[in-house]
Amino acid sequence: MKKNFLYLFLLLTCLNLYSQQKELIFQIVDKNYKTPISYATVIIQELNRGTHADFDGFFKIPELYFDNGSIKISSIGYNPLELKLSDFKKNEINKIYLTPFTESLDEIFIVSSKKRKTRSISARSIVKKSIDNILINYPTEPHSYIGYYRDYQQPTNTNYQKVRELERNPKYINLNEGIVESFDQGFYTNKLTHEKNQTALYKFKTNQDFLIDSLLKIPYDNVSNKFLKDFSITSFGGNELNILNITNAVRNHNTQSFSFVDVLDKNFVDNHSFKLESSKNMNGVSLYEISFKSLQEQTSYDYNANGKIYISKNDFSIYKLSYTIFYKNDDIPQYSVLLEYLPKGDKMYLNYMMFNNFFTLKSKDFFKLEGISYIHKEKKINLFFNKPLLENSSKPISKNIKIYYKNKRLKIKEVRLEENSKKRIMLIMNVKQLRKIGFLDKNITKEEFNANLRIDLKNIEAINGMIINEPSIFSFYQYREFFVQEIFENKNLPLEKKFMDKVLPISKAIQNPMNIKNEYWLNSPLKNTYKID
């Protein structure tokens, strides 16, 4: 019987190892600085379909493409790289190094036909031209794109880790993932309100490999429970994908997107100053790299915003837009947006988008007093708490612990912390005073004792940093990301699919069957079992 059990154990272990080998794992790194390259585009050449590196440069390729597949990796400012998947190792992290592309910034001159004088075009003029050309450079006909969507929360500091008593600060909390297809009738239509702009869900799951906390899942009330400072986010009932779609200022060029871009067509140029930084390259296309800052007289003296926009020198199409807003001099962004478009045919199509906002959350998990007992023989009062106490946090006793009986304050001679659980403290009282006020009377009932006893506690701290009777205030980043894997030009809305309700959470949507297995995959973050150096 033991031999059979051992055989079954070994079999399950082998199957588990085999399942771990069904994908190649990569990290894209800058060759010069050895730092990760975020959000690089990865295309499987044979299918013209692909994925993207995440913020830390990681991506995965399914086993299906190991033997015959090849990939092309590209990122703005780097030389593209083509590689065979068969050259890489399974079940370990394969590092790929990209070399920065160097290019000089060539001035563009506009020649006046009357005076035959030349002048250099300004950064502001380039940006304005790019906005004016949106309906020329981007699709106005029906199309769709399939990709990998995910949303998750991330703590901004170690408070959450301490209060939850975690070994490490979690990078992904409530990680939701899915494969979705977005049907778009074109840039003349409103992305959210047009009846034929819909989203079909093919896969969806909450990744159980990472921490799940139901407290963080509540919608924004923008008041006290879950909110941003001086900003508000429409909850959409929890549909984070629609919140992400709203922040795509290029797609929503003629409607309100976010402050201080507002309506891109009307407000972006007037609300910011621009500076031509350098020239970058993306797959052989020369781009202007333009930085910008919000104008305080146009926006607000309490906030400042900055970012970069990358624009083609050829047709003034926008390849990439990054935007970040800060409150006064804070280092923590209130929110940030990242968009990238790439050419397919003669139009620019979405490649990826990300919206990340800072939010504050009040926890209902208080550090509090749970019970009181009185040991008559020993003349001691025990206080029981729901969490272990930090040693000496009750001192000074005269200020932090006040006990009243029949409205008379009792004198505490000593405080002792229980060594084993540290959830109980013992109060050694002044016996003469107890006897004088009748506290030691054996005939006192439990009801009378409880009715006449009052305890005021303050500044007492638990070992996880929580303060007695104070709600824990946590601050997080909320990420929403969408990585396009394949684009379909001139594709109309199909009638046979079930589409996502734009208000309900994505988890409530009906999943549609996929025609071909494993063609689109979840590019999940690395599990905690992987060692990342």
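The values are calculated or read from the model by the stated rules, or taken from the named source; none is laboratory data. On a predicted model such as this, the values are computed, not experimentally measured, just so you know. Note that each Cβ is placed from the backbone with ideal geometry, even for glycine, and that neighbours are counted across all protein chains shown. Remember, those area values only see protein heavy atoms, side chains included, never the ligands or the DNA or RNA. Shrake-Rupley method; radii C 1.70, N 1.55, O 1.52, S 1.80 Å.
Observations on the model:
- Sequence-separation-based contact order of the chain, relative, with Cα cut under 8 Å and 6+ spacing, percent: 17
- Taking label points 7 Å from Cα along the Cα-to-Cβ direction, Lys217 and Glu447 give a separation of 4.4 nm.
- For the listed peptides 357-366, 160-169, a ranking on the average number of other beta carbons within 10 Å per residue, highest first, reads 357-366, 160-169.
- Taking the charge dipole of the chain about its Cα centre, with +1 at Lys and Arg Cβ atoms and -1 at Asp and Glu Cβ atoms, the residue from Ser125, Leu434, Phe101 reaching farthest to the positive side is Leu434.
- 0 to 90° range, to nearest 10: angle between helix 123-132 axis and the chain longest Cα axis: 80
- Backbone N under 16 Å from the Val431 label point (7 Å along Cα→Cβ), restricted to segment 382-421: 411-414
- The chain: angle of helix 2-20 to the longest principal axis, Cα-based, in degrees nearest 10: 50
- About the Cα centre, charge dipole magnitude for the chain (Lys/Arg +1, Asp/Glu -1 at Cβ), debye: 2660
- Calculated FRET efficiency for the pair Gln45/Thr324, C-beta based, R₀ 35 Å, to 0.05: 0.55
- Protection proxy ranking, highest mean first, for peptides 398-405, 476-483, 205-212: 476-483, 398-405, 205-212, where packing is the per-residue count of other beta-carbon atoms within 10 Å, averaged.
- Note: relative contact order over segment 143-203, using C-alpha pairs below 8 Å and six or more positions apart, is 38 percent.
- Cβ crowding within 10 Å averaged over residues, with 496-504, 130-138, 314-322 ranked highest first: 314-322, 130-138, 496-504
- The length gained on full extension between Lys313 and Lys422, counted as 0.36 nm times the residue separation minus their Cα-Cα distance, comes to 32.5 nm.
- Residue-span extension gain [Lys31 to Asn190] - 0.36 nm each, minus C-alpha spacing: 53.0 nm
- In the full protein context, segment 401-474 carries 62 Å² of accessible surface per residue, based on a 1.4 Å probe and ignoring ligands, DNA and RNA.
- Which label in (1) 24.2; (2) 26.7; (3) 27.4 gives the computed Kirkwood radius over Cα pairs in Å: (3)
- Given charges at Cβ of Lys, Arg, Asp, Glu: segment 384-533 dipole, positive-most of Tyr520, Tyr477, Asn386: Asn386
- Shape class of segment 327-403 from the alpha-carbon gyration tensor: prolate, with a/c at 1.5 or above and a/b greater than b/c.
- Accessible area of the chain belonging to carbon and sulfur atoms, whole % at 1.4 Å probe: 49
- Extension gain, Gln208 to Asp456, is 85.1 nm, computed as 0.36 nm per intervening residue step minus the present C-alpha separation.
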